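Take a look at the structure below.
The values are calculated or read from the model by the stated rules, or taken from the named source; none is laboratory data. Note that the coordinates shown come from a computational prediction; the quantities given were computed from them, not determined experimentally. Methodologically, a virtual Cβ is constructed for each residue, glycine included, from the backbone with ideal geometry; neighbour enumeration extends over all protein chains shown.
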Amino acid sequence: MENAERPFKDQMREQKLFQSRVIACAVGVLLLTAMLVGRLVQLQVVDTQHFTELSEGNRIRTAPLAPTRGLIFDRNGLLIAENLPTWQLVAVPEEIDDLDGTLNALTRLDLLTDVDLEELAGSVRSRLGFERVTLGNLSESQAARFAVRRHRYPGVDIQEGLVRHYPYAGAGVHAVGYVGSISSDDLELIDRGEYAATSQIGKTGVERSYESVLHGQVGYRQQEVNAQGRVLLDPAMTEGGENQPTLLTRWPTPGRHLILSIDMRLQLAGARAMGVQRGAAVAIDPRNGDLLALISTPGFDPNRFAAGLSRNDYVALTTDPDNPLFNRALAGRYPPGSTIKPMLGLAALHHESVDPHEDHYCGGYFRLPGSTHRYRDWRPQGHGAMNLHSAIVESCDVYFYQLAVELGIDSLGSSLTAFGFGAPTGIDISGEAAGIVPSREWKRQQFANPADQVWFPGETVIAGIGQGYTQVTPLQLANASAAVAASGRRFRPRLLIGTEDAVSGAFEQVEPVEADPVHVADESHWQMIQDAMLGVTNEPSGSGLTAMLGTPYTVAGKTGTAQVFSVGQDEEYDEDNVDERLRDHGLFVAFAPFDAPEIAVAVVVENGGGGNRAAGPVARAILDAYFGIEDHGDSYD
């Protein structure tokens, strides 16, 4: 066994095995090489454009450039909303070691006033460390105060910017509106890309309604950045050098300028005449619907919002009992009082409910048949014999009590609706109220209790003098007065009459829009009503004589007094012993010149008393300004 033969080594077999393994390895290497080459071809040839774009996206950042907001002018070319250079206090978070301490120090320097420091600090920390965050706007004195102390506050600097400015402050704020910081609600409505470089947006008035026209289009500038996003190169050029990348810039398109129908002469005159009184005044051109003045008092300074209104200041405005933020001209709803008597007289003529020449006796009160309740006239002793003309001239309540009963609430309501009452006029800014034109159907829809849905005859009586449920806005009242002046022709009130390209100056006119006219059975009825309104301001017994005494132009008008609360049957209204906010509202409507009306005015003075005394002087001031008369002496007395 020990001498048993060992098998010989099979060299041929081993050689074949070795060769097969070499071949297998070679095939594997070739396959892997082919895969590698294929992948390189895929990356460097097939997908080269895709990965080049990804690389450029990491290396090149696009920074938005804010467009310049369009300017706003009045109809005579006066600038009423502009952009002024300002200083902005900015911070770079990564360069500030103690953010809270820095913000507190800036507050002690009176550079950050009435701000929530905790909220501001949170906003700064939420941004990228190298980004500049605007802390607030600075006045010239504040900027100078910081400049000499800049070395104490690393990471804080000042830069130039633009801020919206309104030269006439609050005189036209409820028409023009104002801009403010973009809110979360605003972000839901806008294209965020277009506002990437903008921090403010129109909030009310024209600034809001024509935001898309005023804003313009955002531009951009490419910047070379490193992996952390820090800017390495930011040239304001379109071409690069031999070793410099090509960085593109698309300059923003500025917003278009707006030309409004507002005449600031009238706006200022009306605001001065209103003074500290609460109320509204609207002037309109009967020929095209242009709003020449839209005044609501008290107002407020929109520049405070544009510069950055503090929370305390905003709370003070919203809690002010006079409510200066409320646009009384568009949204204030008031009983029209006797100012609608001309419209009701026209309706009675149209429906043949009265003979305009027949006299009715006014003994100081009116009673429905079978009722003992007395509906009193404003003149306790009565007016005596009254026809339609004299009833409008002297504003006889008893005549219009009877007229309303003869006309009926359905015809009365439909006639007021034809003049635009009870529905928004369609003005080109938001916030307009509809008002109320009462009717049987309206009352059924308004009240849930069946007993409250019944329409009573007495409600028709007081509707005849613009009391009861009837409510109108000053804008509706001016628009209806313009329709009377234009013998039934009506236009949609508007503020925008044209836009202008900020670069080329090309002007685009906005055409007026006609509304449904007021139809009458006989065109001569218009002249009857217009002549009666002329008598209001020109005849010795006219209720508006003193307000328009001595005008060099011929004006027609109508006074109105609206009760704020009801006086009992056996009680007397004593203005001196009534709380100021419970006193009657004073109203006045007018148009001029009588033969070819160019302007119609409606004025409401809250708790001002009689329309001739309270609202008449305001209407007179607006008309005088329109006709270029600066001083009318003591004719207001």
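Check off (1) surrounded by fewer than 18 Cβ atoms within 10 Å (Cβ to Cβ); (2) closer than 30 Å to Gly77 by Cβ; (3) of a type in the set (Ser, Thr, Tyr) for Ser261 and give me the number that stays unchecked.
The failed condition is (1).
What do you reckon, is Ser183 loosely packed, with under 15 Cβ neighbours inside 10 Å, of a type in the set (Gly, Ala, Ser) and within 32 Å of the chain's Cα centre (by Cα)? It would help to see each step written out before you state the result.
Numbers: loosely packed, with under 15 Cβ neighbours inside 10 Å: yes; of a type in the set (Gly, Ala, Ser): yes; within 32 Å of the chain's Cα centre (by Cα): yes.
Yes; evaluated as a whole, the condition is true for this residue.
Since Gly422 meets every condition but one in (1) touching a residue at least 24 places away in the same chain (Cβ under 8 Å); (2) surrounded by 17 or more Cβ atoms within 10 Å (Cβ to Cβ); (3) farther than 16 Å from Lys341 by Cα; (4) small (Gly, Ala, Ser), which condition does it not meet?
(1)
So that you can scan it fast, the table gives a plain yes or no per residue for (1) under 30 Å from Pro424 (Cα atoms); (2) touching a Gly at 6+ places or on another chain (Cβ under 7 Å):
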| site | (1), (2) |
| --- | --- |
| Asn323 | yes, no |
| Ala348 | yes, no |
| Asp355 | no, no |
| Tyr365 | no, no |
| Gly370 | no, no |
| Tyr401 | yes, yes |
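Are there any pairs with C-beta distances below 6 angstrom linking a residue in the range 159-188 that is within 24 Å of Leu135 (Cα to Cα) to a residue that is among the aliphatic types (A, V, I, L, M) and in a strand (DSSP E or B), with the two at least 6 apart or on different chains, and if so which?
These pairs meet every condition: Gln159/Val90; Val163/Leu84; Arg164/Val179; His165/Leu84; Tyr166/Ala81; Ile182/Ile201; Asp186/Ile201.
Would you pick out the residues in the range 236-258 that are modelled with pLDDT of 55 or more, over 30 Å from Leu78 (Cα atoms) and either in a loop (DSSP other than H, G, I, E, B) or under 21 Å from the mean Cα position of the chain (by Cα) (or both)?
We begin by selecting, within the range 236-258, every residue modelled with pLDDT of 55 or more; these are 245-258.
After this cut, where a residue has to be over 30 Å from Leu78 (Cα atoms) as well, the list is 245-250.
Passing the criteria: Pro245, Thr246, Leu247, Leu248.
Pairs please, first residue from the range 303-317 and within 22 Å of Ala171 (Cβ to Cβ), second anywhere and among the acidic types (Asp, Glu), Cβ atoms under 8 Å, 6+ apart in sequence or on different chains.
Arg304/Asp313; Asp313/Asp114
Sort out which residues of the range 521-539 are within 35 Å of the chain's Cα centre (by Cα) and modelled with pLDDT under 95, and write them in order of number.
none
For the range 278-364, which fully contained helices (runs of 4 or more DSSP H) count at least 1 residues that are at pLDDT below 95 and surrounded by 24 or more Cβ atoms within 10 Å (Cβ to Cβ)?
So the answer is 303-307.
Residue by residue through the range 586-607, note down the ones that are surrounded by fewer than 24 Cβ atoms within 10 Å (Cβ to Cβ) and in contact with a helix residue (DSSP H, G or I) (Cβ under 9 Å, 6 or more places away or on another chain).
In the first step, residues of the range 586-607 are kept if they are surrounded by fewer than 24 Cβ atoms within 10 Å (Cβ to Cβ); the result is 593-598, 606-607.
Matches in the range 586-607: Phe594, Pro597, Glu598, Glu606, Asn607.
Would you mind finding the one in Arg583, Arg613, Arg620 that is touching a helix residue (DSSP H, G or I) at 6+ places or on another chain (Cβ under 7 Å), at pLDDT below 95 and not β-branched (Val, Ile, Thr)?
Working: Arg613 fails: touching a helix residue (DSSP H, G or I) at 6+ places or on another chain (Cβ under 7 Å); Arg620 fails: at pLDDT below 95.
Answer to the check: Arg583.
From the list Glu459, Glu432, which one is farther than 16 Å from Ser338 by Cβ, touching a residue at least 12 places away in the same chain (Cβ under 8 Å), not hydrophobic (A, V, I, L, M, F, W, C) and not in a loop (DSSP other than H, G, I, E, B)?
Working: Glu432 fails: not in a loop (DSSP other than H, G, I, E, B).
Answer to the selection: Glu459.
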